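Participant: I am attaching a structure below and will ask some questions about it afterwards.
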Amino acid sequence: MFSHRLVATSLLTLVLALTGYSQQSSSKKQTPSPIGIDEYFEYTDYSRVALSPDGKAVVIATDRADWKQQRFREDLWLWREGMNAPILLTGSGHDSDPAWSPDGKWIAFLSDRTPAVAVGDEEENVPKEPEVAPPAKARDDDSGDKKDAAAQVYVISASGGEAIPVTRGIEEVHAFAWAPDSESIYFATRTPWSKAKRDAYKNEWKDVIRFRESERGDVIARIAVKDAIARVAALANAEKGAAPKKDVETAETPGSVLICSTPHRVADLAASPDGKSLAFNTDSVSQRVEGVSSYEIYLVPSAGGQARQITHNQALESQLRWTPDGKSLLFEVGMGSVEHKYEDVQKRLYSVEVESGTVRRWASDFSGAITDWSPTSTGGVVAAGRLGTEVPLYAIANSGGKLQTSSGWKGTYEKVATAKDSGRVAFVFSSLDRPTEVYVAESFDQLGNAKPITSFNRHYLDHPLPQGKPYQWKADDGSTVEGMLVYPPGKFEAKGLPTFVFIHGGPADADGNKFGADWYDYAILAASKGWLVFRPNYRGSSGYGDKFQLEIVPKLVSRPGKDILEGVDQLVKDGISDPNKLTIGGYSYGGYMTNWLITQTTRFKAAVTGAGAVEHAANWGNDDLTFDDAFYLGGNPWQVPSNYNSEAALFVFDKVKTPTHVVGGADDVRVAAAENYLLERALHEVGVPSSLLIFPGEGHPLGKNPWHGKIKVREELKWLEKYGAVKPDAAQ
């Protein structure tokens, strides 16, 4: 257990590490230079922000590279009114998803820490991880022989102290919610098996993975927090020989009460304000999007019973929240359609009346995408909405209300949090020249006066940062297309610049006025190396209306490809880009586009591509978003084979001349590693210089080992420099 003095000492040490400060940093302020790759990757990401019910405290979940342990550590920090900076709340490095109890006395969170730190948060008790993390086991492997602990619910007093496990078991908790009286917690896990059943299964199937047959749904249970705390105390006494050692061998949470079971996987839980009902929304047990029937919202009595389905649509609902009056549930849709047949329009916000099932769309006249939101105590929401290259905050009074604009800053708002009994708003904000931090505003009307409560990324300000601006051009069909230009430091609006065309993934996403500092979004680092970074928001991007986003169907790469090349043409015509120093790259869908565009032109001197398909049939079969793939291409492979072939780079690969660097995760199920091997094989066959890096243990995002992302960016920049005719650190 931390004492206050130990917390203060540990905090100082950790803050110095988190902010990247040392005695050397002061000299950098005297002689500023473009940021280097080592400092660039000392980035703290804020994965969640949660305001206390009274608005006087904020819990912040951070995610940061632990280079020594070769993993990303997750910590929780606590800021209170009057503090200059947050203090460290938990220190296991395995803690995420904080949620305040309605009475503000407790903070619950998920943690996959090992039992060695079940009580207390001392970092020295955290077991050392292997040099390279082993691949995660498949979800349907029931051997129970996991090396890492399954995520469980913990609670910690808002005053600090020890973190106490509330749930335990072999099955991970993937959703939880407080009861409104703060006395209990609801949680969802995959349906547990007894030890005898697990042993029998393992005896029959050994290490064989049964792909569909062993998949199973979830159970939802409730546990009284005081009972869990008492049980932990009893077990601690048992370890000392002071009491009988009960429940030590129990596989699943003892003392929990079953509420209901479902054949689906529970994604979110939300208890009604009056405590009588529990709402939940579901996704598929496999977490593969092979259809829409698994994605609905249900209601069950909090005392237990049969769940009632209250939505019936072709949308993938998520982020469930009750309105204050307890009559409706708010939810968002990022894929699919509530109103009619499936289509991928921009992210939207809805509410459903729990009695009638009537669904209403919020801000229906907004032409952009609702990217984040949080309900207010008055029945409205505060929402972040993407419109072009900006993501401002808006207020919406009710389902039929208009968007109220804010007095906030130009840039990108996200991770919005509101308070039950206060008008305060907390959020994460960044812009190209303003590193990402957490802020608190006294009210929505006071956003422009919001105060930062973190400074973990302040070290970026020791270096000159790039400047950027939106850039527009006309497509061949007359449509206006927009993107973002990120200039090298000190060269804003210069002409004749070497250009890196950096394509975002999605495709339903967009690039704009935001500070990025990771393996996926390294435009600021590339600009600091001398590149003008062109970030096109091609057809299919969000923030430009549903029609613009849907015009990618079924021309999955050819229509966006034209948009991007026409943008490059305009940059050259305007004298902004040097036509002899053009390069290109992207990851995920950005990789799809890069692979396609090097078959359409030889103008790019170098390409860097990651996790991008070169054909669509095998990728449809391997992808965990197969339903989405079929939508974009107009049907399944046997229904529209011409679309699958005509939109695939592989079948026109004899045209490729661009030296290409390829990366991918070995365990990627979004874009299988086979696509990367196929791409490299094709490049080798046509005699084009190439390189392939495969990162062990990584899925689609490179979120396991921070060295993988750093090596990816390091080698991609080297490739661009080698073949793109730009010397390293040209901006200096």
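Just so you know, all these numbers are worked out from the coordinates, no wet-lab data involved. Worth saying up front: this structure is predicted, and the values here are computed from it rather than measured. Here Cβ is always computed from backbone atoms with ideal geometry, including for glycine, and neighbour counts include all displayed protein chains.
Participant: For N676, what charge total do you get from the other residues with a beta carbon under 13 Å from its beta carbon, if Lys and Arg give +1 and Asp and Glu give -1?
Facilitator: Computed value for this residue: -3.
Participant: Mind checking the full-extension length gain between K327 and N580? Use 0.36 nm per residue of separation minus the Cα-Cα distance, one decimal, nm.
Facilitator: 84.9 nm
Participant: Return a whole-number percent for the relative contact order of the range 466-723, with Cα pairs under 8 Å and 6 or more residues apart as the contact set.
Facilitator: Reported relative contact order: 17 percent.
Participant: In addition: Compute the angle between helix 706-723 and the longest alpha-carbon principal axis of the chain, please, reported from 0 to 90 degrees and rounded to the nearest 10.
Facilitator: 0 degrees
Participant: Report the FRET efficiency, 1/(1 + (r/R0)^6), for R714 and D477, where r is their Cβ-Cβ distance and R0 is 41 Å, rounded to 0.05.
Facilitator: Computed FRET efficiency for R714 and D477: 0.55.
Participant: Considering all alpha-carbon pairs of the range 466-723, what whole percent are spaced by more than 34 angstrom?
Facilitator: That tail contains 10 percent of the Cα-Cα pairs.
Participant: To continue, here is another question. Kindly state, to the nearest 0.05, the FRET efficiency for L693 paired with V257, given R0 = 56 Å and r defined as their beta-carbon distance.
Facilitator: That pair, L693 with V257, gives E of 0.70.
Participant: Consider the candidate values [x] 29.2, 100; [y] 25.6, 82; [z] 25.8, 98; state which one is Rg and Dmax of the Cα atoms in Å computed from the structure displayed.
Facilitator: Derived directly from the coordinates: [y].
Participant: Separate question: Can you tell me the orientation of helix 673-685 relative to the chain, as the angle in degrees between its alpha-carbon axis and the longest Cα principal axis, to the nearest 10?
Facilitator: Once rounded, one gets 20 degrees.
Participant: When DSSP assigns beta bridges and you keep just the ones with both residues in the chain, what percent turn out antiparallel, to the nearest 5?
Facilitator: DSSP beta bridges in the chain are roughly 80 percent antiparallel.
Participant: For the range 466-723, give the share of DSSP beta bridges that are antiparallel, in percent and rounded to the nearest 5; count only bridges with both residues there.
Facilitator: Once the DSSP bridges in the range 466-723 are tallied, antiparallel ones form about 35 percent.
Participant: Let me ask something else. Calculate, for H340 and S159, the FRET efficiency according to 1/(1 + (r/R0)^6) with r their C-beta to C-beta distance and R0 41 Å; round to the nearest 0.05.
Facilitator: 0.20
Participant: Relative contact order, percent, of the chain when contacts are C-alpha pairs under 8 Å separated by at least 6 residues?
Facilitator: Rounded, it is 10 percent for the chain.
Participant: Just to confirm a number: summing +1 for Lys and Arg and -1 for Asp and Glu over residues other than R434 whose beta-carbon lies under 10 angstrom from that of R434, what do you get?
Facilitator: After counting each charged neighbour, the total is 0.
Participant: By the scheme Lys and Arg +1, Asp and Glu -1, what is the net charge of all other residues having a beta-carbon under 15 Å from that of G304?
Facilitator: +2
Participant: Filter the trypsin sites (Lys or Arg not before Pro) in the range 469-502 down to the DSSP loop ones having no more than 11 other Cβ atoms within 10 Å, then list what survives.
Facilitator: K495
Participant: Would you be so kind as to identify which of Y46, G567, F631 lies farthest towards the positive end of the dipole of the chain, taking Lys and Arg as +1 and Asp and Glu as -1 on Cβ and the Cα centre as origin?
Facilitator: Toward the positive end, the furthest listed residue is G567.
Participant: Compare the peptides 338-344, 693-699, 562-568 by average per-residue count of other Cβ atoms within 10 angstrom and give them in order, highest first.
Facilitator: Highest-to-lowest ranking by the protection proxy: 562-568, 693-699, 338-344.
Participant: Evaluate the distance, in nm, between pseudo-label points positioned 7 Å from the Cα of A196 and of K495 along their respective Cα→Cβ axes.
Facilitator: 8.4 nm
Participant: Another question about this same structure. What is the set of long-range amide H partners of A666 at a cut-off below 5 Å, with H atoms built 1.01 Å from backbone N?
Facilitator: F695, G697, E698
Participant: Quick one: length gained pulling D103 to A303 fully straight, 0.36 nm per residue minus the C-alpha distance?
Facilitator: That works out to 69.9 nm of additional length.
Participant: Could you work out how far helix 558-573 tilts from the main Cα principal axis of the chain, as a 0 to 90 degree angle to the nearest 10?
Facilitator: It is inclined by approximately 50 degrees.
Participant: Give me the percent relative contact order of the range 267-375, please, defined on Cα pairs under 8 angstrom at least 6 residues apart.
Facilitator: 18 percent
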